Each structure stands twice: as C-alpha cells, then as structure tokens.
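What follows is a short report on a single structure.
The values are calculated or read from the model by the stated rules, or taken from the named source; none is laboratory data. Just so it is clear, the model here is predicted, and its values are computed rather than measured. Cβ sites come from the backbone with ideal geometry, for glycine too, and all protein chains shown count toward neighbours. What goes into the accessible areas is simple: the full protein's heavy atoms, side chains included, and nothing from ligands, DNA or RNA. Shrake-Rupley method; radii C 1.70, N 1.55, O 1.52, S 1.80 Å.
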Amino acid sequence: MKPIAIFRFCKIEGPGYLGSFFDAHSIPWKLFKIDDGANFPSSPENFSGLVFMGGTMSANEDLPSISSALVLIRQAIRVNIPVLGHCLGGQLLSKALGGEVSRGTIKEIGWGKVVVADNAIAKKWFGNLYEFESFHWHGEYFTLPDGATRLLSSKFCENQAFSIDVHLGMQCHLEITEKMVSSWYEAGAEEIENSSGTAVQSFEEAQMNLTNRVTALNEIAKNLYLKWVSKVAKL
C-alpha cells in the first residue's frame, strides 16, 4: 500500500488521533509540514490517499499553500484518489469541488453536538449514530459542492460534514486529543477573549470531563476513519 499523505498547515493542528489510528492499524503515512516550509508533492499518484488538516488561515486567502492545496486536491479527484479534510481541510475540499467558503456570524469553539443527517449515505459513514459531541474551532463555513451529500449538522453550522464519492470533508475536529485542546486554547487565548456567544466555550468549560469526551470522540473517529481507509484500500 502506498503511504497516505497528511498535510499540516499549523504545528498545533497536526494529525492528532488520526496519526495514532494509522499507526495502530499499520497504515503507512507521511506528514508534510507545510507550516515549516515543506512543499506539496507535484502529483498525488505516489499516495493512496490525501489528508488535509486544519489551520489558522482562510481557504480564501491568496497564499501559495492554499492555491497549491487546491491544485493537488483537484488532481486527486481527477484520478479518484480519496481525500479527507478536517476543518480548513474540509473547506479546501469543498472549494476545490466548486463550493464556497465564507465567514459566519457565529464562531463555534469548544464542544458541541452534531446531528447525523437522515440519509443512506450518512448512515453508511456513521452507522446508527443519531448525534454525538464533537470539538469545534472555526468561524468560517463551507457550502455543499454539487453532487455532495450532507452528513452532519450542528445548531450553528448546517454543513458540518459532507461526502462525494470517496472524498470526505468535515468542519468539526474528530482528530482532537487532550493535548490539542490545551494547546489550541493556549494559542487562541486572544481569540477567545475577543469572541462571544453561546457557541464559544471557555478553556474551563472545554476541559470539563475532557478524558471521557475525547475517548468517546476517538471511538467515533476510529469507525469513520476505518470506512475512509477501506475506500483507500480498494484503489
């Protein structure tokens, strides 16, 4: 099996639980530290799948990393190499497929429930789950590209996840770990101080029952990642 490429746009928004999942299942992977000056590969064809993580920039910014990511995603889509996007990565996947990314009026930061859509494709990805608690940190939102199916929604964000063919984009962070929660709140202290609303949690609120919350989310992520990897393995 060719390795899966993971693209990191920010040091504290690395693969998180996803890296542990790949290691536990002996799935080869390679991390591209874009934030540290790494270049994107010229072609996706040396990889069995592409994963794009979160970041502090916007998918609409005129940055070399954004334009290069969009080019690589479109190349992968053309040759049917599965793409998985988390937060910024999900926004990039939407944009590469013709969707739009825009700033919302409400930020989602911290723990919040997402609801699984009532359709057959969502059930294939999430089984019998009706809703679950996920972690969020975003102020921008993506639309569904043509041909995509909504998988998840939240009270403040209609499009929390979508899939199209073998590609999966998420706004929420299923890859979160306990360490990442702490490091994100430390790095984002000023943003938290300048943000308000019922969807923005303080660090103290986000830390409540943290181990159990992360463990439960990791289990959901594991089942979802297994299904995405099964699509990778078939190609």
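Worth a mention:
- Shape category assigned to the chain from the gyration tensor of Cα positions, a/c cut at 1.5: rounded
- GNM top mover of Lys179, Lys222, Lys123 - the chain, alpha-carbon springs below 10 Å: Lys179
- Partners for Lys2 among aspartates and glutamates (Cα-Cα distance below 15 Å; same-chain residues under 8 apart left out): Asp23, Glu45
- Of all accessible heavy-atom area on region 38-130, the percent that carbon and sulfur account for (1.4 Å): 50 percent
- Taking every DSSP beta bridge that has both ends in region 64-189, the antiparallel portion is near 90%.
- Working from Cα pairs under 8 Å separated by at least six residues, relative contact order for region 145-208 is 18 percent.
- Potential lengthening of the chain between Lys113 and Glu193 amounts to 26.5 nm, from the contour at 0.36 nm per residue minus the alpha-carbon distance.
- Taken along the Cα-to-beta-carbon direction at a fixed 7 Å, the label points for Ser67 and Ala24 span 4.1 nm.
- Chain lengthening between Met57 and Thr211 when straightened (0.36 nm per residue, less Cα-Cα): 52.6 nm
- Per residue value of the accessible surface for region 34-124 (all protein chains in place, 1.4 Å probe), Å²: 44 Å²
- Candidates Ala161, Ala148, Ala24: whichever shows maximal mean-square fluctuation once the chain is modelled as a Gaussian network with Cα springs under 10 Å: Ala24
- Accessible surface of region 160-235, 1.4 Å probe, proportion on carbon and sulfur as whole %: 50 percent
- Distance in nm between pseudo-label sites at Asn39 and Ala120 (7 Å out along the Cβ direction from Cα): 4.6 nm
- To the nearest 10, the accessible area of Asp36 is 120 Å² with a 1.4 Å probe.
- Helices in the chain, meaning DSSP H runs of at least 4 residues, each add -39500 (n - 2.57). Divided by all residues, the mean residue ellipticity at 222 nm is -10500 deg cm²/dmol.
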